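The following block contains the structure, expressed as structure tokens.
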Amino acid sequence: MFKYEVVKVCKQSGARIGRLTTPHGVVETPVFMPVGTNATVKSLTPKVLDEIEASIILSNTYHLYLRPGHELVAKAGGLHKFMNWNKPILTDSGGFQVFSLSDMRKITDDSVTFKSHLDGSRHIFTPEKAVDIQQALGSDIMMAFDECCPYPSTYEYTKESMERTTRWAKRCKEAHTTKNQALFGIIQGGFYKDLRDKSLEDLVKLELPGYAVGGISVGEPKEEFLDILYYITPKMPKDKPRYLMGVGTPDYLIEAALAGIDMCDCVLPTRIARNGTAMT
């Protein structure tokens, strides 16, 4: 149901071409994933997305959990039927949205308690709940629940956060029961290379079908972004897809591909398009 194969690698840069097979179709990589936050890519219909040859899109677990609710989506036949999209879908875990709600949430080793940005209601996310929601949504690829550190963060806090993310990834794997959904782990560790190494080392032991780089492109200077990107990407498993989370500007997309990244996503292209700017 899920397979990744490397087609060709550039010896000079490490950039690569690959093919990702999912239950809802094949994705040629490197690929940019348009973001359909609330089960729709803003301003674009599924038909238009198909016409511009989008091969995979991303939807947000946090937003769909709050509205319309993952139970309703499941009753509608899953996210693909709910949004009339028959190609692959990746869902994030809600970790980044919780990070962005820093003044409205509390993190413990067991869970994250947060207030809805819609109505202020109180909610609790655990790794198990993040997996349950994504299984109800029925995406082709689901992400392990993680903690994304703000920039800058101290070494001590980043280490604690990274270790928590690893423990959460283990819990996500234990909670994952669907055979037609791939669970990806997320490498954290902020801007400390030894923590990135440790995160990658521990997550690889879980033998997940794919891995993502999280926690960069969060407001740091570009040179720091590039330093971590080019440091950790070549160390990631070569036979599994590599996903750089939350990157969408043309320069960052090119850098990601040159570093050997296979998948990227960002709301930026459609967000600026709605305000009158087009990328050319």
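The values are calculated or read from the model by the stated rules, or taken from the named source; none is laboratory data. What you see is a predicted model; the values in this text were computed from it and never measured. Heads up, the Cβs are rebuilt from the backbone with ideal geometry, glycines too, and the neighbour counts pull from every protein chain shown. Note: areas computed on protein heavy atoms with side chains; ligands, DNA, RNA excluded. Shrake-Rupley method; radii C 1.70, N 1.55, O 1.52, S 1.80 Å.
In segment 200-257, what count of residues is obtained for those that are under 19 Å from the mean Cα position of the chain (by Cα), farther than 27 Å from LEU101 by Cβ and hydroxyl-bearing (Ser, Thr, Tyr)?
2
Follow-up. Identify all residues within segment 255-280 that are assigned to a loop (DSSP other than H, G, I, E, B) and either touching a residue at least 24 places away in the same chain (Cβ under 8 Å) or among the hydroxyl-bearing types (Ser, Thr, Tyr) (or both); write none if there are none.
If the condition is that a residue be assigned to a loop (DSSP other than H, G, I, E, B) and either touching a residue at least 24 places away in the same chain (Cβ under 8 Å) or among the hydroxyl-bearing types (Ser, Thr, Tyr) (or both), then GLY260, ILE261, ASP262, VAL267, ARG274, THR277, MET279, THR280 are the ones that fit.
Something else about it: Among the listed residues LYS106, LYS179, which satisfies the condition of being basic (Lys, Arg) and either under 27 Å from PRO34 (Cα atoms) or assigned to a loop (DSSP other than H, G, I, E, B) (or both)? Full working, then the answer.
Numbers: LYS106 fails: either under 27 Å from PRO34 (Cα atoms) or assigned to a loop (DSSP other than H, G, I, E, B) (or both).
Step by step, each of LYS106, LYS179 is checked, and only LYS179 is basic (Lys, Arg) and either under 27 Å from PRO34 (Cα atoms) or assigned to a loop (DSSP other than H, G, I, E, B) (or both).
The conditions are (1) farther than 30 Å from HIS80 by Cβ; (2) in contact (Cβ under 8 Å) with a residue 40 or more places away in the chain; (3) part of a helix (DSSP H, G or I), and ASP194 fails exactly one of them. Which is it?
Evaluating ASP194 over (1) farther than 30 Å from HIS80 by Cβ; (2) in contact (Cβ under 8 Å) with a residue 40 or more places away in the chain; (3) part of a helix (DSSP H, G or I) leaves (2) as the failure.
Further question on the same structure: So, of the residues in segment 77-117 that are more than 17 Å from the chain's Cα centre (by Cα) and of a type in the set (Asp, Glu), which turns out to be most open to solvent (accessible area, probe 1.4 Å)?
It comes out as ASP103.
Sticking with this one: Would you be able to tell me the number of residues in segment 118-133 that are touching a residue at least 24 places away in the same chain (Cβ under 8 Å) and either buried (at least 22 other Cβ atoms within 10 Å of the Cβ) or under 12 Å from LEU66 (Cβ atoms) (or both)?
Within segment 118-133, the subset touching a residue at least 24 places away in the same chain (Cβ under 8 Å) is 118, 123, 125-128, 130-133.
Then drop every residue that is not either buried (at least 22 other Cβ atoms within 10 Å of the Cβ) or under 12 Å from LEU66 (Cβ atoms) (or both), which leaves 118, 123, 125, 127, 130-131, 133.
Residues meeting the conditions: 7.
Could we say that LEU244 is farther than 23 Å from VAL267 by Cα, of a type in the set (A, V, I, L, M) and either open to solvent by less than 60 Å² (accessible area, probe 1.4 Å) or touching a residue at least 12 places away in the same chain (Cβ under 8 Å) (or both) here?
On the way: farther than 23 Å from VAL267 by Cα: no; of a type in the set (A, V, I, L, M): yes; either open to solvent by less than 60 Å² (accessible area, probe 1.4 Å) or touching a residue at least 12 places away in the same chain (Cβ under 8 Å) (or both): yes.
No; evaluated as a whole, the condition is false for this residue.
Does segment 143-162 hold any residues that are in a loop (DSSP other than H, G, I, E, B) and touching an Asp or Glu at 6+ places or on another chain (Cβ under 6 Å), and which are they?
Matches in segment 143-162: TYR151 only.
Also, I was wondering about something else. All but one of (1) modelled with pLDDT under 95; (2) part of a loop (DSSP other than H, G, I, E, B) hold for PHE96, so report the exception by its number.
(2)
Out of the residues in segment 253-265 that are touching a Leu at 6+ places or on another chain (Cβ under 8 Å) and farther than 11 Å from VAL31 by Cα, which is most open to solvent (accessible area, probe 1.4 Å)? Working first, answer last.
The initial filter retains those residues of segment 253-265 that are touching a Leu at 6+ places or on another chain (Cβ under 8 Å), namely 255-256, 259, 261-265.
Filter again for farther than 11 Å from VAL31 by Cα, leaving 255, 259.
Details: GLU255: 46, ALA259: 6 Å².
Of everything passing the filter in segment 253-265, GLU255 is most open to solvent (accessible area, probe 1.4 Å).
Which fully enclosed strands (runs of 3 or more DSSP E) of segment 1-76 have 3 or more residues being of a type outside the set (Lys, Arg) and in contact with a Lys or Arg (Cβ under 7 Å, 6 or more places away or on another chain)?
Per the criteria, 3-9, 25-29.
Which members of segment 36-62 meet the condition of being open to solvent by 10 Å² or more (accessible area, probe 1.4 Å), in contact with a Pro (Cβ under 9 Å, 6 or more places away or on another chain) and touching a residue at least 60 places away in the same chain (Cβ under 8 Å)?
LEU44
I've got another one for you. In segment 149-164, which residues are open to solvent by less than 50 Å² (accessible area, probe 1.4 Å) and free of Cβ contacts under 8 Å to residues at least 60 places away in the same chain?
Listed by number, the residues that qualify are SER153, THR158, SER161, MET162, ARG164.
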